[in-house]
């Protein structure tokens, strides 16, 4: 029997950490304007883990709540010292914890299998040949 892979995501200063066990249910990229603002980049990359695969969380965090473009309430948890968002929760997905792929700092992390909110994607950004959704797909996280 193989032991599930454990990974740790952390903020820039290392104070806030979250440890996962096993593979994410899905990895997705998002080009909505809110993700662009949150990350300071052209898109956000998210790994969606079942809550049971979160094996540890360490450090203090602050929370920013907002309504997503989908209408769902989102709670973003970030380091109060350096400001890095490490993970977030969507009220419509109570059994899922989303973790910022960049917080894992792992160039071998599984790639996104889809990209969403392409209506606000920068036109000059080339993206892999994966499903592109103009907004949110019908199923946010497959079972």
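The values are calculated or read from the model by the stated rules, or taken from the named source; none is laboratory data. In this text the structure is predicted, and so the values were computed from the model without any measurement. Quick reminder, even Gly has a Cβ in these numbers, built from the backbone with ideal geometry, and neighbours come from all protein chains shown.
Any chance you could count how many residues in the stretch 15-31 are free of Cβ contacts under 8 Å to residues at least 60 places away in the same chain and under 19 Å from residue 70 (Cβ atoms)?
Final tally of qualifying residues: 0.
Every residue in the stretch 35-58 that is part of a helix (DSSP H, G or I), at pLDDT below 95 and more than 13 Å from the chain's Cα centre (by Cα), please.
37
State all residues of the stretch 113-125 that are buried (at least 16 other Cβ atoms within 10 Å of the Cβ) and assigned to a helix (DSSP H, G or I); if no residue qualifies, say none.
Once the filter is applied, which keeps residues that are buried (at least 16 other Cβ atoms within 10 Å of the Cβ) and assigned to a helix (DSSP H, G or I), the stretch 113-125 yields 118, 120.
Give me a count of the residues in the stretch 60-112 that are within 19 Å of residue 41 (Cα to Cα), within 14 Å of the chain's Cα centre (by Cα) and surrounded by 13 or more Cβ atoms within 10 Å (Cβ to Cβ).
18
Counting just the residues of the stretch 11-32 that are touching a helix residue (DSSP H, G or I) at 6+ places or on another chain (Cβ under 6 Å) and at pLDDT 95 or above, which one comes out surrounded by the most Cβ atoms within 10 Å (Cβ to Cβ)?
20
Of everything in the stretch 62-79, what is out of contact with any helix residue (DSSP H, G or I) (no Cβ under 9 Å at 6 or more places or on another chain), part of a loop (DSSP other than H, G, I, E, B) and in contact (Cβ under 8 Å) with a residue 60 or more places away in the chain? Give them in sequence order.
70, 79
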